[in-house]
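Take a look at the structure set out below.
The values are calculated or read from the model by the stated rules, or taken from the named source; none is laboratory data. None of the values given here were measured: they were computed from a predicted structure. Every residue, glycine among them, receives a Cβ derived from its backbone with ideal geometry; neighbour counts consider all protein chains shown. Please note that ligands, DNA and RNA were not included when accessible areas were found on the heavy atoms of the full protein model with its side chains. Shrake-Rupley method; radii C 1.70, N 1.55, O 1.52, S 1.80 Å.
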Amino acid sequence: MTLNRLLITGAAGTLGHILRGAFAGRFQLLRLSDRSPLGPTGPEEEAITCDLVDAASVRRLCEGVDAIVHLGGIANEAAWPELLQSNIAGVINLYEGARKAGVERIIFASSNHATGMYPNDKTLSHETPPRPDSRYGLTKAFGEDVAALYAYKHGIRSFCLRIGSCLPKPDNRRALSTWLSQADFVRLVEVGLSADYVHEIAYGVSRNTRSWWDNSAAYHLGYQPQDDAEIFASEVEAIELGTELARGHQGGNFVATEFSSREAWLA
Ligand code: NAI
Ligand code: 15L
């Protein structure tokens, strides 16, 4: 990696902790930000408390870094007011702050829920248009488009990761398809920090035997996942999601949440 100064938003969260550990000592500066406490800092670390809804603070946050891994935001389905602040205003503020600060590249944590309404028997790729399964998924689809605007118009390289299920190990049958091991997550972010692209969409998934996603674009950029959820199959195969709707669609439970009476027509 030739980048020296990296900002991670959402650094107090689950994936933030993973990256913070993996990147310790590898950058001149690791700037960590969240609205929640970040704990004591290491030698090259800097911790900045910042709410993504505050455009002026986000602008300052972006100053002096080469690249950003944008993990900050609401990570599940939520009411509109929360999502509008953290995921919509948040991603706009982040990209606008990055543009003004001259940041070279951003890795944006999108989600598989941007395409969660596709059925399980369809293989998706980086070219598959969004089919969000939730307000949350829609905010991620929006973020991917914000990324495209700032990539093609303003030259900020943008790597959008439609992350599956980043867990220590798969916890149910669905995750045998969607699992992203923590080590492969770090590998994918490393690709985002070093590869040559303008605006790219990739699935955040390990090399799972049962994957629903053709991740050849990410492979082309150099992603070489090492893990396969299949080794956990005997442990979790019998753990099924609760409804047929959730079992039949890629977004799982997000699809079934608040589903309307047109279920039969859409199934
Ligand atoms: P998390 O909820 O553990 O971390 C998100 C962090 O963002 C939290 O520490 C929270 O305080 C911070 N945050 C939320 N709103 C904020 C705001 N307005 N200003 C500043 N900070 C704010 O989530 P996790 O699992 O670490 O996910 C990180 C990112 O990856 C999220 O954007 C999530 O949507 C995305 N993702 C994660 C997946 C997973 O399997 N963990 C799957 C798909 C997407
Ligand atoms: C996500 O986008 C969520 O942030 C995470 O908590 C999981 O629900 C994941 O998707 C998933 O689909 O398993």
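Reported count of residues in region 24-52, each being surrounded by fewer than 16 Cβ atoms within 10 Å (Cβ to Cβ), among the small types (Gly, Ala, Ser) and within 22 Å of the chain's Cα centre (by Cα), is 2. Restricting the search to helices (runs of 4 or more DSSP H) fully inside region 192-267 and requiring at least 3 residues that are open to solvent by 20 Å² or more (accessible area, probe 1.4 Å) and over 25 Å from residue 172 (Cβ atoms) gives 216-221. The set of residues in region 78-105 that are of a type in the set (Asp, Glu) and either more than 15 Å from ligand 2 (Cβ to nearest atom) or buried (at least 18 other Cβ atoms within 10 Å of the Cβ) (or both) comprises 96, 104. Residue count for region 7-23 under the criterion of being touching a helix residue (DSSP H, G or I) at 6+ places or on another chain (Cβ under 9 Å) and open to solvent by less than 10 Å² (accessible area, probe 1.4 Å): the result is 6. Taking region 219-255 as the range and being touching a Ser or Thr at 6+ places or on another chain (Cβ under 9 Å) and either among the hydroxyl-bearing types (Ser, Thr, Tyr) or at positive phi (or both) as the test, the residues that pass are 222, 252. When we screen 258, 240 for residues that are modelled with pLDDT under 95 and within 16 Å of ligand 2 (Cβ to nearest atom), the only hit is 258. Can we say residue 120 is more than 10 Å from ligand 1 (Cβ to nearest atom), out of contact with any strand residue (DSSP E or B) (no Cβ under 6 Å at 6 or more places or on another chain) and open to solvent by 10 Å² or more (accessible area, probe 1.4 Å)? For residue 120, the condition - more than 10 Å from ligand 1 (Cβ to nearest atom), out of contact with any strand residue (DSSP E or B) (no Cβ under 6 Å at 6 or more places or on another chain) and open to solvent by 10 Å² or more (accessible area, probe 1.4 Å) - is met. If the condition is being away from ligand 2 (no atom under 16 Å from the Cβ), open to solvent by less than 50 Å² (accessible area, probe 1.4 Å) and not polar (S, T, N, Q), then region 53-76 contributes 58, 61, 62, 64, 65, 66, 67, 68.
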